[in-house]
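Reviewing the structure listed below.
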Amino acid sequence: MLQTNVAASCAAIPLPDPFLFRIRDVVYQVAGIFQSDERITFLEDRCLRRMKALSLRSLAEYFDCLTMRADRDAEIRNLLNEITVGETCFFRYPAQLEALRKVILPAIIEAKGKLSFTRLRVWSAGCSTGEEPYTLSIFFQELQQSLLRGWTVEVLATDLNERSLERARRGVYTDYALRNVTPDVHQKYFVPVENGQFQVSEAIRSRVQFNRLNLLDDSRVIFMKGLDLVFCCNVMIYFDGSAKRKVVQHFHSNLLPNGYLFLGHSESLFGYSNDFRLVHFPETTAYLKPSGLR
Amino acid sequence: MEALPTVPSILRPLISFLDEPVDRVDVDQLTELIASDNSIAAQCLRMANSPLYGRRRAVDSIRGAVIALGLARLREILISCVLVRLLPSQKWKINPTVFWEHSFGCAMMARQFALRTGYPHTDKAYLAGLLHDLGIIANSVVFPEEFQEVLQHAAEKEVPLHEEEGRQLGIDHAESGALLAGQWRFPEEICEVIRLHHDVQQARVNPPLTAIVCLSDQLCRMRGLGYGYYESRLVDFFKDPAWAVVTKEHPQAHGLDMARFTFEMDDYIREIRSMVSAVFR
């Protein structure tokens, strides 16, 4: 009796389709972005959307589509677009900013200060419509009276897409993009404009330099020199293996020793770089470019 | 150390159950041992029914739990229940939820680290992870006022707890935990983990075990299952002496995708939180 009960209760547990986990592994292998168990139903939902578009009936068929068909790379891109769509907003990764404020900036300020350098260079690579570089600009502005007193901070922001850059330069956003902004910051740095939208204040906008740049364009990327920090969130997931390797190598030479590369929340460089080292801060990770002295 | 509870009679047979390979444990003997104590049996069932152990339908007897969960899981649940009851939380200066989330988190992660790095004694890793911070309770009970201050200062300065304990009490939770574990006659390697999880290089009895717990402890603290406050620091696992110890004994660890491992552990952490809140409600 007891055993029957146990068997019945096991049968009642709805297990996710095993192909879903295989799709998760493919997405991680190809794009380096991990879908946690918490997001597995989200992943399923996004797969179902693609299956509908392709008139497929099972995850097994869709798995084949992602792995065996000639156009599999295009389909992975489609799926990634579904996974990352609408993700960007202001103050998206507070733990990254906290690590900067508490651990990274004090160390950089001390090291550079000893050499009488008082300039910080930060790059938002693949800045899309500008939420990330403006977040950084606000963040540094807020520290200008304390930690960064007397320091000059340059925020460079690049993207491949000219239309995104145009929107970024205008700096006009809906409430939804500002959902993580505290009332205090909202009041200080956002000005109401038409249609219930808000524009980033002039002081914050003027601090960010926007430029069009293809991360695979070697001849131009090499000019991004002397950087302390690079932010590249949910961008590299779209590159294939060799392109990813190349971009990571560029970031490495763009950064100063002891500089950091930040990726999106569940992105990983595993297998793509031996030069960077994964390090942990509370609730976030980053890739460190170790100094020559080890 | 006199202020501390004496070891209950059920604990020592349990520890020896845990120290043995699963296939050598006598199931009847174990279920009898559990059933002999009503409140432990009840708490065991509550844990067995938590989502952490994957149950969606109620398990309503100890035997049912053995069948549904397997002996290995049940042993873990059992030792956890005994510990939780053993240490009356009214006297604690640290929030018991925070403490147990950290301890269970570390246990779970130590097992996963063991599995992925090729360390064979995964059950031992779990037990060692669960017990590694015993000294926090010892300090909390033996120096109630001072320890409260230590916690407060550590939180304000955002520094690791053991550093602040060393400065203010002259004894950190690793040392006091080891004293207590010795008094309770825990196995030698567990005592070593407790004593040296912040100083792995000194380990002699079972260095990889101590190293695995050290890494798990730090990963927990970096993923929000620490002592309930922000620690302002960078953890560079690959430069940690504990990492060198693990990879030396288990070269397979070099292939560990630490980023993915971290993301996967976040899923466990969510489950641990819900389990701890279900059990200690």
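The values are calculated or read from the model by the stated rules, or taken from the named source; none is laboratory data. All values derive from a computational prediction rather than experimental measurement. Note: ideal-geometry Cβ built from the backbone for every residue, glycine included; neighbour counts use all protein chains shown. Accessible surface is based on the protein model in full, side chains and every heavy atom, while ligands, DNA and RNA are left aside. Shrake-Rupley method; radii C 1.70, N 1.55, O 1.52, S 1.80 Å.
Quick rundown of the values:
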read-out	value
Strands (runs of 3 or more DSSP E) completely within the range A:181-221 that count 1 or more residues being surrounded by 11 or more Cβ atoms within 10 Å (Cβ to Cβ) and at positive phi	none
Output for the range A:264-282, where each listed residue is open to solvent by less than 20 Å² (accessible area, probe 1.4 Å) and more than 9 Å from every other protein chain (Cβ to nearest Cβ)	A:264, A:276
Qualifying position, being of a type in the set (A, V, I, L, M, F, W, C), at pLDDT below 70 and surrounded by 12 or more Cβ atoms within 10 Å (Cβ to Cβ), among B:66, B:7, B:84	B:7
Residue match in the range B:232-254 (condition: under 16 Å from the mean Cα position of the chain (by Cα), within 12 Å of chain A (Cβ to nearest Cβ) and not polar (S, T, N, Q))	no
Residue A:95 surrounded by fewer than 18 Cβ atoms within 10 Å (Cβ to Cβ), within 14 Å of chain B (Cβ to nearest Cβ) and among the aliphatic types (A, V, I, L, M)	yes
Count of the range A:48-59 residues which are surrounded by 14 or more Cβ atoms within 10 Å (Cβ to Cβ) and in contact (Cβ under 8 Å) with a residue 12 or more places away in the chain	2
Candidates B:94, B:15, filtered to the one that is among the aliphatic types (A, V, I, L, M), modelled with pLDDT of 75 or more and touching a helix residue (DSSP H, G or I) at 6+ places or on another chain (Cβ under 9 Å)	B:94
Qualifying positions in the range B:136-155 - touching a Ser or Thr at 6+ places or on another chain (Cβ under 6 Å) and either among the small types (Gly, Ala, Ser) or open to solvent by 20 Å² or more (accessible area, probe 1.4 Å) (or both)	B:138
Residue check, residue B:225 touching a residue at least 12 places away in the same chain (Cβ under 8 Å), in a helix (DSSP H, G or I) and buried (at least 24 other Cβ atoms within 10 Å of the Cβ)	no
Among residues of the range B:228-281, those that are assigned to a helix (DSSP H, G or I), among the aromatic types (Phe, Trp, Tyr) and open to solvent by 20 Å² or more (accessible area, probe 1.4 Å), counted	2
Residue check, residue A:56 closer than 30 Å to residue A:19 by Cα, out of contact with any Gly (no Cβ under 7 Å at 6 or more places or on another chain) and in a loop (DSSP other than H, G, I, E, B)	yes
For residue B:156: the one exception among (1) farther than 25 Å from residue B:266 by Cβ; (2) touching a Lys or Arg at 6+ places or on another chain (Cβ under 6 Å)	(2)
So residue A:228, is it away from every other protein chain (no Cβ under 14 Å), surrounded by 17 or more Cβ atoms within 10 Å (Cβ to Cβ) and more than 25 Å from residue A:87 (Cβ to Cβ)	yes
Criterion violated by residue A:40 - all others in (1) surrounded by fewer than 14 Cβ atoms within 10 Å (Cβ to Cβ); (2) modelled with pLDDT under 90 satisfied	(1)
All positions within the range A:65-95 that are among the acidic types (Asp, Glu) and either on the phi > 0 side of the Ramachandran plot or in contact with a helix residue (DSSP H, G or I) (Cβ under 9 Å, 6 or more places away or on another chain) (or both)	A:71, A:73, A:75, A:82
Candidates B:126, B:119 - the one that is touching a helix residue (DSSP H, G or I) at 6+ places or on another chain (Cβ under 8 Å), surrounded by 20 or more Cβ atoms within 10 Å (Cβ to Cβ), of a type in the set (Ser, Thr, Tyr) and touching a residue at least 60 places away in the same chain (Cβ under 8 Å)	B:119
Condition check for residue A:231: aromatic (Phe, Trp, Tyr), touching a helix residue (DSSP H, G or I) at 6+ places or on another chain (Cβ under 8 Å) and within 25 Å of residue A:94 (Cβ to Cβ)	yes
The range A:283-294, subset out of contact with any helix residue (DSSP H, G or I) (no Cβ under 6 Å at 6 or more places or on another chain) and within 11 Å of chain B (Cβ to nearest Cβ), residue least open to solvent (accessible area, probe 1.4 Å)	A:286
Enumeration of residues in the range B:204-222 that are under 17 Å from residue A:102 (Cα atoms) and either among the basic types (Lys, Arg) or open to solvent by 10 Å² or more (accessible area, probe 1.4 Å) (or both)	B:221
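Every residue, every condition in (1) in a loop (DSSP other than H, G, I, E, B); (2) open to solvent by 20 Å² or more (accessible area, probe 1.4 Å); (3) at pLDDT 95 or above, yes or no:
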residue	(1), (2), (3)
A:132	no, yes, yes
A:138	no, no, yes
A:149	yes, yes, yes
A:154	no, yes, yes
A:158	no, no, yes
